[in-house]
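Trainee: For reference, the structure I am asking about is given below.
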Amino acid sequence: MKAFTYERATSPEQAAAAVGGNEGAKFIAGGTNLLDLMKLQIETPTHLVDVQDLALDRIEDTDDGGVRIGALVSNTALAADSRIRRDYAVLTRAIVAGASGQLRNKATTAGNLLQRTRCPYFYDPNMPCNKRAPGTGCGAAEGFSRQLAVIGTSDLCIATYPGDMAVALRVLDATVETVQPDGSRRSIAIADFHRLPGDEPWRDNVLQDGELITAVTLPRSIGGRHFYHKVRDRSSYAFALVSVAAVIGNEGKGRVAFGGVAAKPWRVEEAEALLPEGAKAVVERAFAGAKPTAENQYKITLAERTLAGVIAEAKG
């Protein structure tokens, strides 16, 4: 780990200004991903701004019947909240499907959104990776790709977004609230938050330098039955090969998003409209244009079978 300086922020605005005005500075809260990357010298911040003291650790009702989740609410607290369990059960199920109890105690809502890919080429400094070292190439494209993306990829990167929580937030139409270094605030639809790799695979999301996540809001509950099915190589503490977050209502209609298949939670509204016709119809539409490798083309079949399981369970 390389040396860095450190300060504790006193307000969201001060934290954003401290990072925005200091090239090489980063925020730190739970640190469950950043510290690992710093130990491997994949992330080498010169200055850390600790935001743990900021009063962003509450879950509050909103005036329109939804919920506002502070950026520092731990994954454990969020999953256990009675309002989340009752009205947004897909979110609780997604959170408890990820990591370990110890990690969920430290991991924050904002940090979970900002997880970096677990592509093995990203984690190996001896291998080419355009996300870690722009211009070096994508070792995964012609290499080991079994766990990587099948859709939304580019010639420069086929990495996946690794999280579970964001897949549930996508199906719930969440909004991310931020403060920028100049003190202004903005709201970003979760659909627009994570980026596909395109020509800039090193950019995981649309946040600007120094922009700090302050909360995630959920609109009023849409009811229905909530599901999160995660398929992985072992039954716990493993990232998704494929996951399905779904809210199914009357007559089999509803919403569905897929995890483990792209650089962002993958939801195609035109595809979910086909839910009453079954999993095959949904997956054929949702994965139209997919470019799987020989090693990971199984993911499309796996997505269909996982969704079929969700639909069968919804029918009871």
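Trainee: If I ask for residues that are in a strand (DSSP E or B) and surrounded by 14 or more Cβ atoms within 10 Å (Cβ to Cβ), which ones from segment 187-205 would you list?
Mentor: Let us first name the residues in segment 187-205 that are in a strand (DSSP E or B), namely 187-189, 194, 205.
Ile188, His194, Asn205 - these are the residues of segment 187-205 that are in a strand (DSSP E or B) and surrounded by 14 or more Cβ atoms within 10 Å (Cβ to Cβ).
Trainee: Still on this structure, I have one more. Is there any pair linking a residue in segment 92-114 that is touching a residue at least 24 places away in the same chain (Cβ under 8 Å) and surrounded by fewer than 23 Cβ atoms within 10 Å (Cβ to Cβ) to one that is basic (Lys, Arg) and in a loop (DSSP other than H, G, I, E, B), with Cβ under 9 Å and at least six apart or on different chains, and which?
Mentor: From segment 92-114, the pairs are Ala97/Arg232.
Trainee: Going through segment 53-64 one residue at a time, which ones are touching a residue at least 24 places away in the same chain (Cβ under 8 Å) and surrounded by 15 or more Cβ atoms within 10 Å (Cβ to Cβ)? Steps first, answer last, please.
Mentor: We begin by selecting, within segment 53-64, every residue touching a residue at least 24 places away in the same chain (Cβ under 8 Å); these are 53-54, 56, 59, 62, 64.
Within segment 53-64, Leu54, Leu56, Ile59 meet the criteria.
Trainee: Given the criteria open to solvent by 40 Å² or more (accessible area, probe 1.4 Å) and either in contact with a strand residue (DSSP E or B) (Cβ under 7 Å, 6 or more places away or on another chain) or more than 28 Å from Cys119 (Cβ to Cβ) (or both), does Pro276 qualify?
Mentor: Details: open to solvent by 40 Å² or more (accessible area, probe 1.4 Å): yes; either in contact with a strand residue (DSSP E or B) (Cβ under 7 Å, 6 or more places away or on another chain) or more than 28 Å from Cys119 (Cβ to Cβ) (or both): yes.
It is true that Pro276 is open to solvent by 40 Å² or more (accessible area, probe 1.4 Å) and either in contact with a strand residue (DSSP E or B) (Cβ under 7 Å, 6 or more places away or on another chain) or more than 28 Å from Cys119 (Cβ to Cβ) (or both).
Trainee: Can you say whether Val67 is of a type in the set (Val, Ile, Thr), at pLDDT 95 or above, within 21 Å of Gly210 (Cβ to Cβ) and open to solvent by less than 30 Å² (accessible area, probe 1.4 Å), as far as the supplied structure shows? Give the derivation first.
Mentor: On the way: of a type in the set (Val, Ile, Thr): yes; at pLDDT 95 or above: yes; within 21 Å of Gly210 (Cβ to Cβ): no; open to solvent by less than 30 Å² (accessible area, probe 1.4 Å): yes.
Considered against the rule, which asks whether it is of a type in the set (Val, Ile, Thr), at pLDDT 95 or above, within 21 Å of Gly210 (Cβ to Cβ) and open to solvent by less than 30 Å² (accessible area, probe 1.4 Å), Val67 comes out as no.
Trainee: Taking segment 6-20 only, how many residues are touching a residue at least 24 places away in the same chain (Cβ under 8 Å), open to solvent by less than 80 Å² (accessible area, probe 1.4 Å) and among the polar types (S, T, N, Q)? Reasoning before the result, please.
Mentor: Just the residues of segment 6-20 that are touching a residue at least 24 places away in the same chain (Cβ under 8 Å), to begin with: 6-13, 15-20.
When the remaining residues are screened for being open to solvent by less than 80 Å² (accessible area, probe 1.4 Å), the result is 7, 9, 11-13, 15-20.
Filter again for among the polar types (S, T, N, Q), leaving 11.
Residues that pass the stated criteria total 1.
Trainee: Test of understanding: among Ala140, Ala159, Ala168, Ala149, which residue is aliphatic (A, V, I, L, M), modelled with pLDDT of 95 or more, under 17 Å from Ala79 (Cα atoms) and open to solvent by less than 20 Å² (accessible area, probe 1.4 Å)? Step through it out loud before you land on a result.
Mentor: Details: Ala140 fails: under 17 Å from Ala79 (Cα atoms); Ala159 fails: under 17 Å from Ala79 (Cα atoms); Ala149 fails: under 17 Å from Ala79 (Cα atoms).
Sole residue among the options that is aliphatic (A, V, I, L, M), modelled with pLDDT of 95 or more, under 17 Å from Ala79 (Cα atoms) and open to solvent by less than 20 Å² (accessible area, probe 1.4 Å): Ala168.
Trainee: When you scan segment 1-105 for helices (runs of 4 or more DSSP H) that lie fully inside it, which ones turn up with 2 or more residues that are touching a helix residue (DSSP H, G or I) at 6+ places or on another chain (Cβ under 8 Å) and at negative phi?
Mentor: Values: elements: 12-20, 34-39, 75-80, 82-87, 89-96.
Of the helices (runs of 4 or more DSSP H) lying wholly inside segment 1-105, those with at least 2 residues that are touching a helix residue (DSSP H, G or I) at 6+ places or on another chain (Cβ under 8 Å) and at negative phi span 75-80, 82-87, 89-96.
Trainee: Taking into account only those residues within segment 122-180 that are assigned to a loop (DSSP other than H, G, I, E, B) and among the acidic types (Asp, Glu), which is farthest from Gly20 (Cα to Cα)?
Mentor: Per the criteria, the residue is Glu142.
Trainee: Sort through Asp233, Asp173 and tell me the only one that's surrounded by fewer than 18 Cβ atoms within 10 Å (Cβ to Cβ) and in contact (Cβ under 8 Å) with a residue 12 or more places away in the chain. Outline the logic, then answer.
Mentor: Details: Asp233 fails: in contact (Cβ under 8 Å) with a residue 12 or more places away in the chain.
Result of the check over Asp233, Asp173: Asp173.
The values are calculated or read from the model by the stated rules, or taken from the named source; none is laboratory data. Quick caveat: nothing in here was measured; it's all calculated off a predicted structure. Quick reminder, even Gly has a Cβ in these numbers, built from the backbone with ideal geometry, and neighbours come from all protein chains shown. For the accessible areas, the whole protein counts, side chains as well, though only heavy atoms, and no ligand, DNA or RNA atoms are used. Shrake-Rupley method; radii C 1.70, N 1.55, O 1.52, S 1.80 Å.
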